[in-house]
Amino acid sequence: MSEDKNSFRVFIIGAGFSVPAGLPTAVELYKEVRTRIERNHGQETKFHRSLYEYIEYRKRADGVEVSIDNIDLEHFMTFLDIEHFLWLEGSDTISEHGNSAQMFIKRYIGQVIHERTPAPDALPQAYYDFAKQLQATDLVITLNYDVILERALEFVGKAYRLFPYRYKSVSQYSNTIDDSLEEVKILKLHGSLDWFSNKQYLSGVEAFKKQGVDGAPNDPIFNSGDRYGAYPLVDGLRSEEDPLNNVYRLRHIDDFYSNASPPGIPLILSPSYMKIVYATPFIDFWHGLGQVGGGHFGLNIIGFSLPEHDDYLKVTLFKMAQNYQEVNWDFEMLDKLKDFIKVVDFRTNAKGRDELRSCYKFFDDDKSEFFYDGFSSEAVDFLFSYRRKA
């Protein structure tokens with residue numbers, strides 16, 4: 001394996017990265033979420049009302065019979081996202097997290113994933129192997145809500161940050177980047193189960209002031225005596241307008257999700273086809289991604305098969321791959337060539353492998369390699385061993 005300090009690699013991580021650790025698939029998530037909602041709140045909820053509206057919609061608009069037991073979570077969440085984003089339900093649209101059904105779902109998605117996440121010292125060995133090989137010049141882009149990578153990095157003692165840049169100075173027109181710290185950079189494009197926004201709480205504080213009311217509104221995280229150990233996602237100098245200023249992580253996430261009904265809504269984008277319209281809190285994560293690849297030595301995709309409906313990700317990956325394959329491909333930098341694009345996924349037969357290759361048809365055949373046995377220590381060997389020689 002490589003210990004090259006000048007690695008400059010990009011890793012794009014999808015659900016297939018976390019499945020070997022025991023995390024649930026989308027099908028499992030729906031069943032678990034529905035079970036928990038019914039156990040804690042019964043079957044006469046706005047979540048259930050939305051389910052039956054969705055079932056009726058699919059029947060009458062699409063001619064498709066759907067039962068409550070076999071809902072496609074992503075399609076259902078798309079229905080809810082459209083409903084919320086366009087304010088179709090009027091007053092049931094006041095929360096940044098979505099309408100009532102969406103808030104139910106996000107609470108329990110966070111809880112289910114958290115409960116299925118192994119303790120930091122109980123992860124499969126592949127995650128520690130992966131974390132040890134990451135370098136401060138690497139960029140990890142993850143589409144997952146879980147904290148597996150963070151736990152693995154902390155366990156092996158490797159520093160990381162969850163935002164694009166640190167700054168030496170900020171001004172109205174430009175900021176000066178501070179790159180003095182050696183940290184793996186992780187961008188969680190869809191949010192995280194341990195992230196929470198204080199925007200709604202601050203709005204409540206302002207409303208209290210305008211009404212001349214002393215104190216602050218009740219809030220399970222931001223006005224709870226620091227029960228869950230909320231601390232800012234970012235640190236150091238930031239512009240006042242930076243939306244990441246409103247994002248907090250919880251130190252005591254175990255305590256938070258140990259509640260039968262989690263008392264707050266994690267800052268995650270809905271698992272829907274429309275999630276991009278809610279990307280505002282993380283919009284800085286996307287800035288400049290279309291220019292990534294030209295100066296990197298590695299481009300790696302783990303457990304992400306580029307679903308057809310995720311066009312925003314397809315456009316981004318296409319641009320990265322184009323930069324990677326077309327800029328300096330045969331030019332030696334730091335005494336080495338760019339490595340092949342590497343894709344790790346779990347495909348057991350020829351049909352599945354052909355489908356995966358079709359998803360990435362914009363990868364040149366002579367500039368890419370595929371590993372079909374899923375994420376494992378063997379996959380880590382594949383990812384971190386240079387296969388092109390200068």
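The values are calculated or read from the model by the stated rules, or taken from the named source; none is laboratory data. These figures come from a predicted structure and were not determined experimentally. With ideal geometry, Cβ positions are generated from the backbone for all residues, glycine too; neighbour counts draw on all protein chains shown. Protein only, heavy atoms only, side chains kept; ligands, DNA and RNA dropped before computing areas. Shrake-Rupley method; radii C 1.70, N 1.55, O 1.52, S 1.80 Å.
Here are a few things to note about the model shown:
- When the range 218-242 is limited to residues that are under 24 Å from the mean Cα position of the chain (by Cα) and open to solvent by 40 Å² or more (accessible area, probe 1.4 Å), the one that is farthest from Asp178 (Cα to Cα) turns out to be Pro220.
- Any hit, the range 251-262, residues being of a type in the set (Val, Ile, Thr) and either crowded, with 17+ Cβ neighbours inside 10 Å or in contact with a helix residue (DSSP H, G or I) (Cβ under 6 Å, 6 or more places away or on another chain) (or both): yes
- Test: residue in the range 352-360 that is within 13 Å of Ile302 (Cα to Cα) and among the aliphatic types (A, V, I, L, M): yes
- Single residue of Val327, Val343 found to be touching a residue at least 12 places away in the same chain (Cβ under 8 Å), among the hydrophobic types (A, V, I, L, M, F, W, C) and under 30 Å from Thr117 (Cβ atoms): Val343
- Selection count, the range 54-80, where residues are in a helix (DSSP H, G or I) and either touching a Leu at 6+ places or on another chain (Cβ under 9 Å) or more than 26 Å from Ala279 (Cα to Cα) (or both): 11
- Hey, Gly98 on the phi > 0 side of the Ramachandran plot and either open to solvent by 20 Å² or more (accessible area, probe 1.4 Å) or at pLDDT 95 or above (or both) or not: no
- Single residue of the range 319-341 satisfying the filter (touching a Leu at 6+ places or on another chain (Cβ under 8 Å) and open to solvent by 30 Å² or more (accessible area, probe 1.4 Å)) that is modelled with the lowest pLDDT: Phe331
- Filtered by the rule that a residue be open to solvent by 50 Å² or more (accessible area, probe 1.4 Å) and of a type in the set (A, V, I, L, M, F, W, C), the range 27-63 gives Val27, Ala61.
- Residue under evaluation Thr316, criteria (1) of a type outside the set (D, E, K, R); (2) touching a residue at least 40 places away in the same chain (Cβ under 8 Å); (3) open to solvent by 10 Å² or more (accessible area, probe 1.4 Å); (4) touching a helix residue (DSSP H, G or I) at 6+ places or on another chain (Cβ under 6 Å), criterion not met: (2)
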